[in-house]
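Visitor: Let me give you the structure first, and then I'll get to my questions.
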Amino acid sequence: MDESPLLELRNLSTHYISQGGSRVVRAVDDVSLSLRAGETLGIVGESGSGKSTLALSMMRVLPPAARITNGQLLLNGEDLVPKSDDEMRHIRGKQIAMILQDPMASLNPLFTIGDQVGEPLRLHEGASRRSAWERAIGLLKAVRIPSPETRVKQYPHEMSGGMRQRIVGAIGISCEPRLLIADEPTTSLDLTIQAQYLKLLRDLQAEHNLGLIFITHNLGIVARMCDQLAVMYAGRIVETGPVSDVFNRPAHPYTAALLRSIPRMTQARERLTAIEGQPPDPSTLPPGCAFAGRCPSAFDRCRREAPPVMDVAPGRNARCWLVEDQAVPVATRGAA
Amino acid sequence: MKHYIARRAGYSLLSLILLSLTIFLFIRLTGDPTALLTEPGASEEDIAAIQAKFGLDQPLWIQYGVFMGSLLRGDLGDSFYYQTPVLDLYLSRLPNSLILAVSAMAFSLLLGIPSGILAAVKVGKFWDNAGKLFALLGLSLPSFLVGLLMILLFSVYLEWLPSSGSGGILHLLMPAFALGWYFAAAHMRLTRSSMLEVMGSEYIKLARLKGLSETGVIAKHAFKNALIPVVTLAGINLINMINVAVVVETVFAWPGIGRLLYEGVSFRDFPVVQGVVLIGGAMIVVVNLLVDIIYAIIDPRIRLEK
């Protein structure tokens, strides 16, 4: 396998800056990640932890108030942060594609499916209307839409939610991108459709050797889909590593708490554990670790000083003072 | 569906009957038309003869019955002043009103839609604020004032445009502007808010993610979607324009339906006022009925409600 990463984020920060600059929300703060071709990275975190802003930063389509304030965003070793809007347009949809959360709202109600699926081809590859239309039929077939020849002529309101999400997927892979970012693509689908869709994404990934970033708050999906896991809390990546290692031996107390909050078939009688307290207001983060206020293992230093990224094992790291001193036992799962 | 249409049509008919009664009674509050139709110092017999001729000597409920009876035969009665059928008068003035309304509508859309889009795209910036000021002035300055100011500027000081009457395109410019002014502001505001809503939608985000340029996103994906409510409003406004042009047509002496109504009121020409108001009301009622029915066809939730 090619060892150089497809995508590498180095200390990337994206801040929302209010008019006049009086309020700064550090939605994404000092994030470093890497992903190889053919690999799947899961990014998990609760609502408001900065997952979606991170995804939009990678696409460089941030809302006007948000700005990448620091760091590098390397795609095949090339930094995308200094690129102009014009240059980014040729990368977006062509080299990196993204699937949005809401399939019901992601398609334009006034254009046919064929028009919308073929649009990136016409845009990036100069395909003619006719050939884009032909290839749109092929793409619908690839995402397993029955009778694609009739479906291309239809409008979004004539499709079910699951079908629309497949179409959004077809738009994503239309120009054979290297990297596909899926932002909670299955939250609005029911469970059977969800399973089908995840299988489809995996098949597409294998077929095209895609780098896949899966943004979700569903740890079950991470376990099924991902090779690598990054846990996000208050704009920062608090722990990364191979999924099985992180699941078996979480290094950060937040990860451990998240894992304890998953319902399990085998332990039907056990009560679910919720994490005490609320995530901090991202515009007024505490000076120390953002999780310190809710952390059962927090000590003085946690409240004073924010922990840097520390290695846990090769390929694994966490932002936690507990990791620094290996004598302190790493928090283990299911202590109760 | 049939029940729904029948019920809506019933309501529409009821509104028109109430309108006919209201206008019939209220126009009679303006006074006795015979005073304006006879010379000062006319004899009692002459006045009585005129009153008898127009049926004004009958009790009100008989007058109303006669009016409604001929209305059912499609007859709006004869004008007291012109001595010709009201319908003929109306139809002879209608082309002028249509020309004025269509030009005012074209002006209001040509100004309102681009400025609304500009304001939405540059939200919070200079053009948005300029647009807000325009909307404020457009919606709050009455059209008679706009008309008078224009006459003062373009006819009196600059002597570029004729101040009144109809004829060439020059006669049309100022009335169309004065009438379209308010609607331009209304269309601008609706375009802006509808555009803002569309620009925040997920499919616009997806269009950007596809790699479309911002111009492409606005021109292809946003514009068409944002236009839908504006077109709906413009259709209804066209009917409104024909009917609310009274002030503008009076200020510019434009020989349209609005001016006919104004003349009717000032001469106490009851059949003219009744006819113009009823036809205008009928247009609005019919348009609303059609809109209700079309919505019911589009949206099954409306159709099913009891």
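The values are calculated or read from the model by the stated rules, or taken from the named source; none is laboratory data. Owing to the predicted nature of the structure, the values given are computational and were not obtained by experimental measurement. Note that each Cβ is placed from the backbone with ideal geometry, even for glycine, and that neighbours are counted across all protein chains shown. With ligands, DNA and RNA removed, areas are computed over all heavy atoms of the protein, side chains included. Shrake-Rupley method; radii C 1.70, N 1.55, O 1.52, S 1.80 Å.
Visitor: Can you pull out the residues in segment A:162-195 that are small (Gly, Ala, Ser) and within 13 Å of chain B (Cβ to nearest Cβ)?
Guide: A:169, A:170, A:172, A:174, A:182, A:188
Visitor: Do any helices (runs of 4 or more DSSP H) lying entirely in segment A:74-155 carry at least 1 residues that are within 8 Å of chain B (Cβ to nearest Cβ), within 24 Å of the chain's Cα centre (by Cα) and not small (Gly, Ala, Ser), and which ones are they?
Guide: Once the helices (runs of 4 or more DSSP H) in segment A:74-155 are filtered for at least 1 residues that are within 8 Å of chain B (Cβ to nearest Cβ), within 24 Å of the chain's Cα centre (by Cα) and not small (Gly, Ala, Ser), what remains is A:85-91, A:113-125.
Visitor: Also, I was wondering about something else. Being within 13 Å of the chain's Cα centre (by Cα) and open to solvent by less than 50 Å² (accessible area, probe 1.4 Å) narrows it down to one residue among A:14, A:40; which is it?
Guide: Testing whether each residue is within 13 Å of the chain's Cα centre (by Cα) and open to solvent by less than 50 Å² (accessible area, probe 1.4 Å) leaves just A:40.
The rows are residues; the columns are (1) touching a helix residue (DSSP H, G or I) at 6+ places or on another chain (Cβ under 8 Å); (2) more than 10 Å from chain A (Cβ to nearest Cβ); (3) modelled with pLDDT under 90; (4) in a helix (DSSP H, G or I).
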| site | (1), (2), (3), (4) |
| --- | --- |
| B:198 | yes, no, no, yes |
| B:203 | yes, no, no, yes |
| B:208 | yes, no, no, yes |
| B:222 | yes, no, no, yes |
| B:225 | yes, no, yes, yes |
| B:234 | yes, yes, yes, yes |
| B:237 | yes, yes, yes, yes |
| B:242 | yes, yes, yes, yes |
| B:250 | yes, yes, yes, yes |
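Visitor: Let me ask something else about it. Residue check, residue B:247 against (1) surrounded by fewer than 20 Cβ atoms within 10 Å (Cβ to Cβ); (2) in contact with a Ser or Thr (Cβ under 7 Å, 6 or more places away or on another chain); (3) without any contact (Cβ under 8 Å) to a residue 24 or more places away in the chain, all met but one. Which one?
Guide: Condition (3) is where residue B:247 drops out.
Visitor: Moving on to the next point. Please specify each residue of segment B:194-210 satisfying the condition of being open to solvent by 30 Å² or more (accessible area, probe 1.4 Å) and touching a residue at least 60 places away in the same chain (Cβ under 8 Å).
Guide: B:196, B:199
Visitor: Is it the case that segment A:44-66 has a residue that's of a type in the set (D, E, K, R), part of a helix (DSSP H, G or I) and touching a helix residue (DSSP H, G or I) at 6+ places or on another chain (Cβ under 9 Å)?
Guide: Taking every residue of segment A:44-66 in turn, none turns out to be of a type in the set (D, E, K, R), part of a helix (DSSP H, G or I) and touching a helix residue (DSSP H, G or I) at 6+ places or on another chain (Cβ under 9 Å).
Visitor: Sticking with this one: Restricting attention to segment A:166-219, which residues are open to solvent by 10 Å² or more (accessible area, probe 1.4 Å), outside any helix (DSSP H, G or I) and among the aliphatic types (A, V, I, L, M)?
Guide: A:189
Visitor: Quick one: which of B:118, B:137, B:170 is open to solvent by 60 Å² or more (accessible area, probe 1.4 Å) and in contact with a Pro (Cβ under 7 Å, 6 or more places away or on another chain)?
Guide: B:170
Visitor: On the basis of being part of a helix (DSSP H, G or I) and buried (at least 16 other Cβ atoms within 10 Å of the Cβ), does residue B:80 make the cut?
Guide: The answer is no for residue B:80.
Visitor: Yes or no: residue A:69 within 14 Å of chain B (Cβ to nearest Cβ) and in contact with a strand residue (DSSP E or B) (Cβ under 9 Å, 6 or more places away or on another chain)?
Guide: no
Visitor: Another question about this same structure. Which residue is modelled with the highest pLDDT, if the candidates are limited to segment A:283-324 and must be exposed (fewer than 11 other Cβ atoms within 10 Å of the Cβ) and over 20 Å from residue A:240 (Cβ atoms)?
Guide: The extreme case among them is A:300.
Visitor: Ok, one more. Which one of these is in contact with a helix residue (DSSP H, G or I) (Cβ under 6 Å, 6 or more places away or on another chain) and closer than 19 Å to residue A:258 by Cα: A:312, A:323?
Guide: The conditions single out A:312.
Visitor: Now for a separate question. Quick one: is residue B:91 open to solvent by 70 Å² or more (accessible area, probe 1.4 Å) and under 30 Å from residue B:275 (Cα atoms)?
Guide: Yes: the conditions hold for residue B:91.
Visitor: Name the single residue, out of those in segment A:132-183 being farther than 21 Å from residue A:75 by Cα and of a type in the set (Val, Ile, Thr), that is modelled with the lowest pLDDT.
Guide: Only one residue tops the list, namely A:143.
Visitor: So residue A:85 clears everything in (1) touching a residue at least 40 places away in the same chain (Cβ under 8 Å); (2) out of contact with any strand residue (DSSP E or B) (no Cβ under 9 Å at 6 or more places or on another chain) except one condition, right? Which one?
Guide: Among (1) touching a residue at least 40 places away in the same chain (Cβ under 8 Å); (2) out of contact with any strand residue (DSSP E or B) (no Cβ under 9 Å at 6 or more places or on another chain), residue A:85 violates only (1).
Visitor: Checking the condition touching a residue at least 24 places away in the same chain (Cβ under 8 Å), closer than 22 Å to residue B:200 by Cβ and within 13 Å of chain B (Cβ to nearest Cβ), which residue from A:52, A:47 passes?
Guide: The match here is A:52.
Visitor: Take residue A:60 and decide whether it is free of Cβ contacts under 8 Å to residues at least 40 places away in the same chain, crowded, with 19+ Cβ neighbours inside 10 Å and within 17 Å of the chain's Cα centre (by Cα).
Guide: Considered against the rule, which asks whether it is free of Cβ contacts under 8 Å to residues at least 40 places away in the same chain, crowded, with 19+ Cβ neighbours inside 10 Å and within 17 Å of the chain's Cα centre (by Cα), residue A:60 comes out as yes.
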